[in-house]
Amino acid sequence: MSENLNMSYKINSLLIVLFAILFNFNIFAAQKAQKTIVIYDIDDTIKTTHIGNFSDKTKYAFFTDNLFAGSNILLNYMVKEFGGNDKLSYVTNAPEWLMKKYHTEFIKGNNFPNSSIYFKVGQNHKVNTITKLIIAANPSRVVLVGDNGEKDIEYYHQITQKFAQSGIQFLQFIHTVYKTDGNKFLALYPDQVAFATPLEILFEIYFARAVDNNTEFYKTAHDIAAELLAHVSSSDGHGPQAIPKWVDCRDLRWNPQWSQLLSNIPEKRDVFQLILDRCLSPKN
């Protein structure tokens, strides 16, 4: 009799242990399934530096109020949806000794999320730094946002290839501020999405089911659109600018699905006209 009780006790104990392991595994899996991290470049991505022009960049790099209009609104929305400022990292090739003061003031002064900035350290800085951030975070989704002024296209492609077997979903967005020339300004890879304003990123993460609060989503779309229209004209390099005059965004390919979402905000016609005139018109 005692042997049967002892055996029953052992079986029950084993079942409890197995249940605890499965329960904890499911919690871990659920947490990973919901975990998104966001990696952002700064110059020519959220800051109107005009890296492609030596004269302009030597001036605009040291401005601290020259943001692409609406980019701060988008980033604040993303960190709120994805769980806080620690889910965002700014990774820039700017040297810390030269740009730390200006980039820090730019982030804080324009109401961007107060997240960590990783300045250039050694060779292949962006690929190495982002790789470390991904390994440390163990996310299920990574959002990479850069521009076509330097080498973000290639850096982000290398990173996605590194993690090709990991099961991580990568969303790559490239700010097309320069016309592709096949030399300095490269064409995008097929899995990279060109954008001219923050709205296109917002729409894409919605379609990727990365966000699911429709009320907050449409409020953010409205706020970004209003900010874009409020800052259409600016020529001195200071202040928010929707699409600066030096930007050549003719490589933008408008996704018809974006029009479905755009149709639900009051500014739809004026915003689309702005993008049409600057990026999609054959006259450009």
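The values are calculated or read from the model by the stated rules, or taken from the named source; none is laboratory data. Given the structure is predicted, the values throughout are model-derived calculations rather than measurements. All Cβ positions, glycine included, derive from the backbone under ideal geometry; neighbour counts span all protein chains shown.
Here the stretch 123-139 is the region considered, the condition is being in a helix (DSSP H, G or I) and free of Cβ contacts under 8 Å to residues at least 24 places away in the same chain, and the residue that is farthest from Gln158 (Cα to Cα) is Ala136.
Restricting attention to the stretch 55-103 and to residues that are part of a loop (DSSP other than H, G, I, E, B) and hydroxyl-bearing (Ser, Thr, Tyr), the residue that is nearest to Trp246 (Cα to Cα) turns out to be Thr64. Here Val38 qualifies as closer than 16 Å to Arg141 by Cα and either modelled with pLDDT of 95 or more or not assigned by TED's automatic domain parsing to the domain that holds Cys249 (or both).
Considering the stretch 140-159, the residues that are in contact (Cβ under 8 Å) with a residue 40 or more places away in the chain and in contact with a Phe, Trp or Tyr (Cβ under 7 Å, 6 or more places away or on another chain) include one that is nearest to Asp251 (Cα to Cα), namely Asn148.
Once the stretch 229-283 is narrowed to residues that are more than 21 Å from the chain's Cα centre (by Cα) and acidic (Asp, Glu), the residue that is farthest from Asp191 (Cα to Cα) is Asp236. Screening the candidates Lys126, Lys100, Lys87 for the property of being more than 27 Å from Tyr206 (Cα to Cα) and among the basic types (Lys, Arg) yields one hit, Lys100. Residues in the stretch 164-180 that are over 15 Å from the mean Cα position of the chain (by Cα) and buried (at least 16 other Cβ atoms within 10 Å of the Cβ): Ile168, Val177, Tyr178, Thr180. Please verify whether the stretch 181-189 includes one or more residues that are surrounded by 21 or more Cβ atoms within 10 Å (Cβ to Cβ) and either part of a strand (DSSP E or B) or in contact (Cβ under 8 Å) with a residue 40 or more places away in the chain (or both). No; the residues of the stretch 181-189 include none that is surrounded by 21 or more Cβ atoms within 10 Å (Cβ to Cβ) and either part of a strand (DSSP E or B) or in contact (Cβ under 8 Å) with a residue 40 or more places away in the chain (or both).
Scanning the stretch 230-251 finds no residues that are in contact with a Cys (Cβ under 8 Å, 6 or more places away or on another chain), polar (S, T, N, Q), in the same structural domain as Lys80 (by TED's automatic domain parsing) and in a loop (DSSP other than H, G, I, E, B).
Kindly evaluate Asp86 against the criterion of being touching a His at 6+ places or on another chain (Cβ under 7 Å) and either under 26 Å from Asp223 (Cα atoms) or surrounded by fewer than 20 Cβ atoms within 10 Å (Cβ to Cβ) (or both). Spelling it out, it is not the case that Asp86 is touching a His at 6+ places or on another chain (Cβ under 7 Å) and either under 26 Å from Asp223 (Cα atoms) or surrounded by fewer than 20 Cβ atoms within 10 Å (Cβ to Cβ) (or both).
Scanning the stretch 122-136 for residues that are touching a helix residue (DSSP H, G or I) at 6+ places or on another chain (Cβ under 9 Å) and surrounded by fewer than 16 Cβ atoms within 10 Å (Cβ to Cβ) yields Gly122, Asn124, Thr131.
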